[in-house]
1. When both residues are 6+ apart or on different chains and their Cβ atoms are under 8 Å apart, which pairs have a first residue that lies in the range 32-43 and is more than 12 Å from GLY66 (Cβ to Cβ), and a second that is aromatic (Phe, Trp, Tyr) and more than 7 Å from the ligand (Cβ to nearest atom)?
2. Whether any residue in the range 52-75 is assigned to a strand (DSSP E or B), within 15 Å of the chain's Cα centre (by Cα) and either basic (Lys, Arg) or under 21 Å from CYS128 (Cβ atoms) (or both) is what I want to check.
3. Could you count how many residues in the range 119-148 are away from the ligand (no atom under 12 Å from the Cβ) and crowded, with 20+ Cβ neighbours inside 10 Å?
4. Which ranges mark the helices (runs of 4 or more DSSP H) fully within the range 191-262 that have 2 or more residues being among the β-branched types (Val, Ile, Thr)?
5. Could you identify the single residue in ARG172, ARG167, ARG102 that is outside any strand (DSSP E or B), more than 12 Å from the ligand (Cβ to nearest atom) and touching a Cys at 6+ places or on another chain (Cβ under 8 Å)?
6. I need the full set of residues from the range 175-202 which are free of Cβ contacts under 8 Å to residues at least 40 places away in the same chain and more than 11 Å from the ligand (Cβ to nearest atom), in order please.
7. In this structure, does ALA113 turn out to be buried (at least 22 other Cβ atoms within 10 Å of the Cβ) and touching a residue at least 24 places away in the same chain (Cβ under 8 Å)?
8. Are there any pairs with C-beta distances below 9 angstrom linking a residue in the range 8-31 that is near the ligand (Cβ under 9 Å from one of its atoms) to a residue that is basic (Lys, Arg) and at pLDDT 95 or above, with the two at least 6 apart or on different chains, and if so which?
Amino acid sequence: MKNARTFVVTGASGGIGGAIAEAVAARGHRLVLAGRDGTRLAALASRLPASADPVWVASDLATADGRAALVTACTDAGGAGGLINAAGVGCFAAFERMDDDRIDAVVTANLTATMQLTRALLPQLLACGSADLVNIGSTFGSLAFPGHAAYSASKFGLYGFSEALRREFADRGLCVHHIAPRATDTALNSAAVNALNDAMGNHSDTPAVVAQAVLAALDAGRGGRHFLGWPEKLFARLNLACPALVDKALAGKLALIRRHLP
Ligand SMILES: NC(=O)c1ccc[n+]([C@@H]2O[C@H](COP(=O)([O-])OP(=O)(O)OC[C@H]3O[C@@H](n4cnc5c(N)ncnc54)[C@H](OP(=O)(O)O)[C@@H]3O)[C@@H](O)[C@H]2O)c1
């Protein structure tokens, strides 16, 4: 990994973002922690080594003011040399029963706000000369799943964002990493999602597994895409190459999935 820098971690009050913050801090980097729950951010900051010199910002990144507060904190911290976008919301719901506000909230939290924050922090990242951008996607960002239409759409969008930015900034000193976890044990998953995963025999990772994948991507020193978990990584790639095969496999699971839909 490159020299010690200031990493911004969004979603740091959550399971995956919190684990990533701890792992990045253990490598000697400084941290700006972002989330909405200030109590959880303060508790995380108090657990980090002094070398992390943690600053935390409790704000809603779906708002322009919330993003501006985070950008200002990064400027005050001397500039961001890394951005890890781990903020996000889950959504397991029958699409026909969703209203416009819920669709909007999922796409805004998982995609639009992430793009807007990234753009706002780009001048700081590019000024660093050798920065990393990590987007936390999902298996469902390359394997769209029944009951997850809005979530899958947002994560497919995030995957496209990662791919385009990596190519657009390939000669500007910005490494873009896309990490796509499978099911992970955090508060994001509702009881219905956990019950469906159990019924389908889907394994769930700890947040530490995702954090280690982030460190490995940073260590590799080049941008790329990383799908986590077996067989999820196979199906994610299969869906990109031969989607009709996955249509058929999931058609056979539809009745089971419908039984778990809230
Ligand atoms: N858990 C899984 O099974 C799984 C699998 C694949 C991918 N992922 C992805 O991993 C990422 C982290 O999720 P997680 O599992 O760690 O979930 P989590 O524990 O629920 O954490 C979600 C985090 O996102 C923050 N957040 C959500 N909306 C926000 C907003 N409008 N403004 C600011 N912060 C906001 C939350 O902040 P507050 O709590 O402070 O409000 C929290 O810190 C998400 O992008 C998720 O899609 C998760």
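1. Short answer, once both residue conditions are applied: VAL32/PHE7; VAL32/TRP56; LEU33/TRP56; GLY38/TRP56; LEU41/TRP56; ALA42/TRP56.
2. If we filter the range 52-75 for residues that are assigned to a strand (DSSP E or B), which is where we start, we get 55-58.
Keeping just the survivors that are within 15 Å of the chain's Cα centre (by Cα) gives none.
No: zero hits.
3. Going through the range 119-148 one residue at a time, the tally reaches 7.
4. Numbers: elements: 191-200, 207-220, 232-241, 243-251, 254-260.
Those helices (runs of 4 or more DSSP H) span 207-220.
5. Working: ARG172 fails: touching a Cys at 6+ places or on another chain (Cβ under 8 Å); ARG167 fails: touching a Cys at 6+ places or on another chain (Cβ under 8 Å).
None of the other options fit; the residue is ARG102.
6. ALA191, ASP198, GLY201
7. Working: buried (at least 22 other Cβ atoms within 10 Å of the Cβ): yes; touching a residue at least 24 places away in the same chain (Cβ under 8 Å): yes.
Taking the combined requirement at face value, the residue satisfies it.
8. ALA12/ARG40; SER13/ARG36; SER13/ARG40; GLY14/ARG40; GLY18/ARG40
The values are calculated or read from the model by the stated rules, or taken from the named source; none is laboratory data. What you see is a predicted model; the values in this text were computed from it and never measured. Virtual Cβ from ideal backbone geometry, glycine too; neighbours counted across all protein chains shown.
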